């Protein structure tokens, strides 16, 4: 879903900002990764200046809402899928975004409320986290 949003808008990829890991960065895996996102809202920075919120619920549901970004012109602006942690990756699957196919991300904690991600197809970005 995330890459599709920006492919549709003509941007190269979600959060393609040439992110580099800092010396204090910590790649998360397993229970650390689950604890980092569980019950939190992640705000993905977008190449055109906005943020795309994803709400990772304790139940394993994840809700994305691109309404504020005007994404309704391109696809369903809101959707609820599911999320899980598999080893070193945070995975998610949406009913229609990404054609319903699961995608997984390596998450690197860059601060108490910041992270970078790299999707299994090589796309990268950064985000802030609250909750």
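Any read-out appearing in this document is the output of simple, stated calculations on the displayed coordinates, not a laboratory observation. Since this is a predicted model, take the numbers as computed values, not measurements. A quick note on method: Cβ atoms are made from the backbone with ideal geometry, for glycine too, and the neighbour counts reach across all protein chains shown.
Given their separation in residues at 0.36 nm each and the Cα-Cα distance between them, residue 34 and residue 91 gain 19.5 nm when the chain is fully extended.
Which residues in segment 73-112 have a backbone N closer than 12 Å to a point placed 7 Å from the Cα of residue 59 along the Cα-to-Cβ line? Answer for this model: 80-82. Applying 0.36 nm per residue to the separation of residue 25 and residue 128 and subtracting their alpha-carbon distance, the gain on full extension is 35.7 nm.
The simple spin-label model puts a point 7 Å past each Cα toward its Cβ; for residue 41 and residue 82 those points are separated by 2.5 nm.
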